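Participant: I have a structure I would like to understand better, so I am pasting it below and will then ask my questions one at a time.
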Amino acid sequence: MSSTLDTLQQAVGLLLSFDHKVWSIILVSFTVSVKALGLSLIPAIMAGFVLAQGRFPGRHTFIALFQTLQAIPTVVVGLMVYLLLFRQGPMGDLRWLFTQNAMVMGQIMLATPVLVSTSYAAFASGDWRAWETARTLGASKLRAFLTLCHELRVPLMVAIIAAFSRIITEVGSSMLVGGNIQNLTRNMPTAIALETSKGEFAQAAALGMVLVFLALLLNFSLSALRGKQEHRHRG
């Protein structure tokens, strides 16, 4: 018990003292995951909207495909990206393997199915009166789309949080295509796995605390947003 408490105290000390090694790992995690989420966000939400509104051949196949891809193991995505980027691969000339760009590419492939599927569910079950009203008043399709997104901001935020949680905690893809290189591609999940295997539990615990705090922050923010929306509807 005392050993566990000592480890937790050391972990807190590493965070509060802004230990360079720990915080560089945290910075890599957020840099890669925020970039991947930002690049996939708009195209994926628009795809979810098209799948919810459109009526075209193969629509149900695309919906089923994106829903299936949500569950694909991260290590399989990492293998796919590796095969694309290794020296003899179709994208080998980019020389992205074992760089943050490769990690971003893998996380985009992980985030996109989650964003498309969950945003599709939000649009499919949402109230389309905002869209219809905006179009009746002469708004462009883009303006009407933004109005609808504002009305459905809570379920869309759920989609964004789900996608971000998926990518910032993944290990398999980042380990394969990033190489877990210190100060370059070592993120929180890969560092936790490495430090635990080495018996360096303090650093692993510090990074784990950051992930837990992030999860709590995201969920509390979402709860506050839901509360404001419910209060507005009652008012």
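Participant: Would you mind working out the magnitude of the charge dipole of the range 31-162 relative to its Cα centre, with +1 at each Lys and Arg C-beta and -1 at each Asp and Glu C-beta, to the nearest 20 Debye?
Facilitator: The dipole of the range 31-162 has a size of about 200 debye.
Participant: Considering the chain as a Gaussian network with a 10 Å cut-off on Cα pairs, which listed residue, Leu110, Leu225, Leu14, attains the greatest mean-square fluctuation?
Facilitator: It is Leu225.
Participant: Give me the distance in nm between label points sitting 7 Å out from Cα along the Cα-to-Cβ direction at Val76 and Arg95, one decimal.
Facilitator: That separation, rounded to one decimal, is 3.3 nm.
Participant: Pick out, from Ser165, Gly126, Leu79, the residue whose Cα sits farthest towards the positive end of the charge dipole of the chain, with +1 on the Cβ of Lys and Arg and -1 on the Cβ of Asp and Glu.
Facilitator: Result: Gly126.
Participant: Report, in debye and to the nearest 20, how large the dipole of the chain comes out about its Cα centre when Lys and Arg carry +1 and Asp and Glu carry -1 on their Cβ.
Facilitator: 800 debye
Participant: Could you order peptides 166-178, 119-131 by the average number of other Cβ atoms within 10 Å of their residues, highest first?
Facilitator: 166-178, 119-131
Participant: Would you mind calculating the relative contact order of the chain from Cα pairs under 8 angstrom and at least 6 residues apart, reporting the percent as a whole number?
Facilitator: 30 percent
Participant: Grab the Cα-Cα distance for Arg153 and Phe86, subtract it from 0.36 nm times how many residues apart they are, and report the gain in nm with one decimal.
Facilitator: Additional length available on full extension: 20.1 nm.
Participant: To continue, here is another question. If each of Ser223 and Thr61 carries a label point 7 Å out from its Cα toward its Cβ, how far apart are those two points in nm?
Facilitator: According to this spin-label approximation, the distance is 4.4 nm.
Participant: Among Val114, Leu94, Leu148, which residue has its Cα furthest toward the positive end of the charge dipole of the range 89-200, with +1 on Lys/Arg Cβ and -1 on Asp/Glu Cβ?
Facilitator: Sorting the options by dipole projection puts first Leu148.
Participant: Right, next: From Cα coordinates alone, what are the radius of gyration and Dmax values for the range 114-216 in angstrom?
Facilitator: Reported Rg and Dmax, both Å: 20.1, 64.
Participant: Here's another thing I want to ask about it. Where nothing but the Cβ of Lys and Arg (+1) and of Asp and Glu (-1) is charged, how large is the charge dipole of the range 117-235 around its Cα centre, in debye to the nearest 20?
Facilitator: Details: 12 positive and 7 negative charges, 100 e Å.
Dipole about the Cα centre, nearest 20: 480 debye.
Participant: Still on this structure, please answer the following. How long is the chain along each principal axis, judged by its Cα atoms, biggest number first, in Å?
Facilitator: That gives 64, 53, 25 Å along the principal axes, largest extent first.
Participant: When only the heavy atoms of the protein chains count and the probe is 1.4 Å, how do Phe62, Phe56 rank by accessible area, highest first?
Facilitator: If we order Phe62, Phe56 from most to least accessible, we get Phe62, Phe56.
Participant: Between Gln10 and Ser140, what is the spin-label point distance in nm, taking each point 7 Å from the Cα along the Cα→C-beta axis?
Facilitator: Label at Gln10, label at Ser140, 5.9 nm between them.
The values are calculated or read from the model by the stated rules, or taken from the named source; none is laboratory data. Computed from a predicted structure; not experimentally measured. Neighbour counts run over all protein chains shown; Cβ positions are idealised from the backbone, glycine included. Accessible surface is based on the protein model in full, side chains and every heavy atom, while ligands, DNA and RNA are left aside. Shrake-Rupley method; radii C 1.70, N 1.55, O 1.52, S 1.80 Å.
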